[in-house]
Each structure stands twice: as structure tokens, then as C-alpha cells.
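Here is the structure we will look at, set down as C-alpha cells.
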Amino acid sequence: MILIFNLEQREYAKKVLKFIGKTSKQIERELGHRKAEHFLQRVSTSQFSLPTNKTYDELIDKNNVNDMVKLLRCSLDHKSIPQ
């Protein structure tokens, strides 16, 4: 039996990447570093890890992920949300 740790964080990382709509390589180029690599690219491996607060804030700010309504819509896979 394989145990997957940080399942909620891994699912969140997938939602963030989907919401941004860019490849992790494109995001890395825009950030100018690879500090979010283990958060964005390693969600299915034992190398997954959360980024530092500074890297997370940079990722969120540069990609407007703090717009939680849009993130929620993305996470629901285009299901309608009551207004």
C-alpha cells in the first residue's frame, strides 16, 4: 500500500496550476527562479513540498490566485456557482 502524504496540499497545488493556466516552466520563467518547482511539478511524487511563504506569496501575487471566486470555479471544474 502506498501512502500519499499532504493530499489536500497536493490537490490545492493542482488547482493553483490549473487556475493559472500556464505550464510550470512558464511560471518559473516569469518568477525568475525554480523555488516553486516541488510545489507545482512534483504533486505526484515523494518530492512534493510546499514553497516558502515568500515564494508562495510571489506565485499568488504575480498570477492573481488570491481571487478565490475564480479559484473556486476552477476547482469545481466549470460547475455553476449560485450568485
Phi-derived 3J(HN,Hα) across segment 10-25 with the Karplus relation (6.51, -1.76, 1.60, θ = phi - 60°), rounded Hz, x for Gly and Pro, is 5, 5, 4, 4, 4, 5, 4, 4, 5, 4, 5, x, 10, 6, 5, 5
List nothing, just return the count: lysine pairs in segment 7-75, 8 or more apart or interchain, with Cα separation under 13 Å. 7
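Any read-out appearing in this document is the output of simple, stated calculations on the displayed coordinates, not a laboratory observation. These numbers come from a predicted model, not from an experiment.
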